[in-house]
Amino acid sequence: MAEEAKAKGNAAFSAGDFAAAVRHFSDAIALSPSNHVLYSNRSAAHASLQNYAEALADAQKTVDLKPDWPKAYSRLGAAHLGLRRHRDAFSAYKTGLQLDPDNAALKSGLADAQAAASRPPPTSPFATAFSGPDMWARLTADPTARANLQDPEFVKIMQDIQKDPNKFNLHLSDQRVMHAIGVLLNVKIQTPNHDENDHDADDDVSEDEVVSQPESEHEPEAAVEVAEEEEEEEEEEKETRDRKGQAQKEKEAGNAAYKKKDFETAIGHYSKALELDDEDISYLTNRAAVYLEMGKFEDCIKDCEKAVERGKELRSDYKMIARALTRKGTALAKMAKCSKDFEPAIEIFQKALTENRNPDTLKKLNEAEKAKKELEQQEYFDPKLADEAREKGNELFKQQKYPEATKHYTEAIKRNPKDAKAYSNRAACYTKLGAMPEGLKDAEKCIELDPTFSKGYTRKGAVQFSMKEYDKALETYREGLKHDPNNQELLDGIRRCVEQINKASRGDFTPEELKERQAKAMQDPEIQSILQDPVMTQVLTDFQENPRAAEEHVKNPMVMNKIQKLISAGIVQMR
């Protein structure tokens, strides 16, 4: 999907439809946010639209994702150059050339940056109007100019004038250009057919009267308006910088108060920072963190939602948006009182992970899912209903309806996960159904819940015996006798195991049975460990070749225990 959107963007870019290219590349980025090529392409499209601020943001993102890619610095330099940040452009191109000294695009860009830096600044108010990076935005905001921009010829004229303001004089007769300069200078310039009211002028006004109004009388006024406007813009820029700087100081003060756990003071500073600068969502996320610590979860959630909404408007770093979502999810999780309350928190954590795969967010997601599951079990817990389900299972077991019985035992376990009898009974069902691994697991869980419950040992021993693991079954039955020495079922189990082990010792197996036992034994990690032990390898060799050494090995209980396991498995036979 991302490649398809990228292909559409490339096609639109090649056709000169840069706005469409931006849209397609944005769609591709939404699907593949870590693809540096997509940001590079969108940066180029923004630059073609003279949207240098957006081009710079995408170029910087390209560098962040792929700092060793020369083309990233070509995009970065072009964006800085469009914003007339000649030193930054020069630095970007130089960095790129360090990676690829022969790159023609970087060399050309560096030459352009040097030439632009040495060029004297424009003195004409018209040059200033056309050189601003927001020229296209201001024209688009005016209905008449926006309609004119649909004409490729007019767009080409405006691009030429932007590159060389002196070319403005070549288009003084073009009403569209004159209207555009009026929009950019914020002055009203009269042109033929400019206003519908011009057609309503008195017919008795002579041509001489019109000419008698010298153009020079109006030019100084326009110049004064332009100068005043430029001064106002410079003053606004200075005020904006000052506000942003003051906002950062408030943020730092808030951070210091937060570390001291002076939460009310921290909130005051973050709120003041927001009043000074609403284009930095970190003030919202920081304040949300304070509310979270204070237990004011609803206030935290509101700030996080504002941060996400504002962040998307400003196209803030996806990590900041992910941070806001994570804090919202944390607040929702802390507010949860039942299992269903965790569902929105889990959804928000998942959404945060699509913005940025952060380990902390992933950990919080896992914790929320675990807490939800535990609460579900607690909410479902009912010992009385568990006993009823187990009794239904017992009735079905007596009727040899093992699958149906298993379902009821499972329900009993859900209703009361601490009921050892339910696990024991389900283990018996699994054994009857031939599901030995599941039966063994339930038997072991039964013993874990109640180590004194003899049924757990008989179930486990029966499963192991069915799996022909006679030595393991023998150990299980013996362990059970420690808790119930007179249990006949355990004693019978031991007798059956001993018979099978003796049978293996005598080699009383058919070739097929022996082959089956040996193949099964070789899959047992314990048997594999014994056979790979160099000491046991030597012991087995001595039993065959050195009877005197074998006599010494027989005196070692640990060695004989391992040999007995090999005998029981059918690997070794005693003659």
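The values are calculated or read from the model by the stated rules, or taken from the named source; none is laboratory data. If you're wondering where the values come from, they're calculated on a predicted model, not measured in any experiment. All Cβ positions, even for glycine, are placed from backbone atoms using ideal geometry, and neighbour counts span all protein chains on display. The area values use the complete protein model at the heavy-atom level, side chains included, leaving out ligands, DNA and RNA. Shrake-Rupley method; radii C 1.70, N 1.55, O 1.52, S 1.80 Å.
Out of curiosity, is residue 538 in a helix (DSSP H, G or I) and under 27 Å from residue 468 (Cβ atoms)? Explain how you work it out, then say what you get.
On the way: in a helix (DSSP H, G or I): yes; under 27 Å from residue 468 (Cβ atoms): no.
Against the criterion (in a helix (DSSP H, G or I) and under 27 Å from residue 468 (Cβ atoms)), residue 538 does not qualify.
If we scan segment 340-356, do we find a residue that is open to solvent by 30 Å² or more (accessible area, probe 1.4 Å) and among the aliphatic types (A, V, I, L, M)?
Within segment 340-356 (the criterion being open to solvent by 30 Å² or more (accessible area, probe 1.4 Å) and among the aliphatic types (A, V, I, L, M)), the answer is no, since none of the residues qualifies.
The condition of being at pLDDT 90 or above and of a type in the set (Asp, Glu) holds for only one of 17, 102, 58, 112, that being 58. The residues listed here are 92, 104, 55, 79; of these, the one that is of a type in the set (A, V, I, L, M) and in contact with an Asp or Glu (Cβ under 9 Å, 6 or more places away or on another chain) is 79.
For segment 12-22, which positions are in contact with a helix residue (DSSP H, G or I) (Cβ under 7 Å, 6 or more places away or on another chain) and surrounded by fewer than 21 Cβ atoms within 10 Å (Cβ to Cβ)? Matches in segment 12-22: 12, 13, 18, 20. Flag: residue 417 matches the condition of being touching a residue at least 40 places away in the same chain (Cβ under 8 Å) and closer than 30 Å to residue 337 by Cα.
Of the residues 524, 508, only one is under 17 Å from residue 563 (Cα atoms) and either in the same structural domain as residue 564 (by the TED database) or modelled with pLDDT under 80 (or both); which? Only one candidate passes the filter, namely 524. Which numbered condition in (1) of a type in the set (Asp, Glu); (2) open to solvent by less than 30 Å² (accessible area, probe 1.4 Å); (3) not in a helix (DSSP H, G or I) is the only one that residue 303 fails? Only one criterion is unmet by residue 303, namely (3). For residue 444, the criteria (1) within 23 Å of residue 407 (Cβ to Cβ); (2) touching a Ser or Thr at 6+ places or on another chain (Cβ under 6 Å); (3) among the acidic types (Asp, Glu) hold in every case but one, which is (2). When restricted to residues that are open to solvent by 30 Å² or more (accessible area, probe 1.4 Å) and part of a loop (DSSP other than H, G, I, E, B), segment 46-82 contains 6.
Matching residues to (1) basic (Lys, Arg); (2) assigned to a helix (DSSP H, G or I); (3) open to solvent by 40 Å² or more (accessible area, probe 1.4 Å); (4) closer than 19 Å to residue 82 by Cα:
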position: 5; (1), (2), (3), (4): no, yes, no, no
position: 24; (1), (2), (3), (4): no, yes, yes, no
position: 30; (1), (2), (3), (4): no, yes, yes, no
position: 34; (1), (2), (3), (4): no, no, yes, no
position: 40; (1), (2), (3), (4): no, yes, no, yes
position: 44; (1), (2), (3), (4): no, yes, no, yes
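Confirm whether residue 308 is under 17 Å from residue 356 (Cα atoms), open to solvent by less than 40 Å² (accessible area, probe 1.4 Å) and assigned by the TED database to the domain that holds residue 346. Against the criterion (under 17 Å from residue 356 (Cα atoms), open to solvent by less than 40 Å² (accessible area, probe 1.4 Å) and assigned by the TED database to the domain that holds residue 346), residue 308 qualifies.
For segment 365-394, the candidate set comprises residues that are more than 16 Å from residue 345 (Cα to Cα) and among the acidic types (Asp, Glu); within that set, the residue that is least open to solvent (accessible area, probe 1.4 Å) is 382.
Of the residues 176, 138, only one is over 28 Å from residue 64 (Cβ atoms), at pLDDT 85 or above and open to solvent by 50 Å² or more (accessible area, probe 1.4 Å); which? Reasoning before the result, please.
Numbers: 138 fails: at pLDDT 85 or above.
The match here is 176.
Looking across segment 444-477, the residues that are open to solvent by 40 Å² or more (accessible area, probe 1.4 Å) and either farther than 19 Å from residue 524 by Cβ or of a type in the set (Gly, Ala, Ser) (or both) come down to 445, 448, 449, 450, 451, 452, 453, 455, 459, 466.
Taking every residue in segment 1-28 that is in contact (Cβ under 8 Å) with a residue 12 or more places away in the chain and in the same structural domain as residue 53 (by the TED database) and pairing it with any residue that is part of a helix (DSSP H, G or I) and of a type in the set (Asp, Glu), at least 6 positions away or on another chain, the pairs with Cβ-Cβ distances below 7 Å are 5/27. Any residue in segment 154-168 that's over 15 Å from residue 139 (Cβ atoms): show its pairings with residues that are of a type in the set (S, T, N, Q) and outside any helix (DSSP H, G or I) at Cβ separation under 7 Å, as long as the two are six or more apart or on different chains. Hits for this filter: 165/124.
Scanning segment 391-404 for residues that are in a helix (DSSP H, G or I) and more than 44 Å from the chain's Cα centre (by Cα) yields 391, 392, 393, 394, 395, 396, 397, 398, 402.
Residues that are open to solvent by less than 40 Å² (accessible area, probe 1.4 Å) and of a type in the set (Val, Ile, Thr) are absent from segment 83-98 altogether.
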